[in-house]
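The values are calculated or read from the model by the stated rules, or taken from the named source; none is laboratory data. Small disclaimer: the values here were computed from a predicted structure and weren't measured. Cβ atoms come from the backbone with ideal geometry, glycine included; neighbour counts cover every protein chain shown.
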Amino acid sequence: MNKHPFFEPVPGELLGPSRRYEMQTKIGSGTHGLVVRAWDVQAHTFVAVKIARLGAGFSHLSRNEARLLRRIHKADTAVDVVRVLDEFDHCGHSCIVFEMLSMNRTCVREASAKPLTPIASRFTVGDSVRAAAQHWL
């Protein structure tokens, strides 16, 4: 049995302490958790909710990611890094709510006039967070 299970998304489930985010579909997953598309019932817009796996280590990483991204935006609002809108715990899973981006890496690659370089194709949000941390911290 996996001692750090992934969250099992259920379409229509309401997330957050105020039940603000209505889960729609899973849009991605990785080592640390998964991302779901959700409807913000207060702001009337779609958001991305990153849901960390269970476990203190994953919660710690999630909180650090949210804190660092907020610090980056506070220091320089011109930086092109996804914005954190909210964070909370749901069923023991640490969650970060992000603005919904219009394109993912696959869409960027398909829309690009030339293929992405190997470095650009491996670039992730985590890479941008680490680079920004080295710059601002």
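Here is a yes/no grid of residues against (1) at pLDDT below 95; (2) surrounded by fewer than 16 Cβ atoms within 10 Å (Cβ to Cβ); (3) out of contact with any strand residue (DSSP E or B) (no Cβ under 8 Å at 6 or more places or on another chain); (4) more than 18 Å from residue 26 (Cβ to Cβ):
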site: 44; (1), (2), (3), (4): no, yes, yes, yes
site: 72; (1), (2), (3), (4): yes, no, yes, yes
site: 97; (1), (2), (3), (4): no, no, no, no
site: 112; (1), (2), (3), (4): yes, yes, yes, yes
site: 118; (1), (2), (3), (4): yes, yes, yes, yes
site: 121; (1), (2), (3), (4): yes, yes, yes, yes
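Contact map, the stretch 80-99: residues that are within 17 Å of residue 61 (Cβ to Cβ) paired with residues that are in a strand (DSSP E or B) and among the small types (Gly, Ala, Ser), Cβ distance under 6 Å, separation 6+ or inter-chain. Pairs shown: 93/52; 94/52; 98/48.
Per-residue answers, yes or no, for (1) in a loop (DSSP other than H, G, I, E, B); (2) at pLDDT 95 or above; (3) among the charged types (D, E, K, R); (4) within 14 Å of residue 97 (Cβ to Cβ):
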position	(1), (2), (3), (4)
9	yes, no, no, no
27	no, no, no, yes
31	yes, no, no, no
38	no, yes, no, yes
60	no, no, no, no
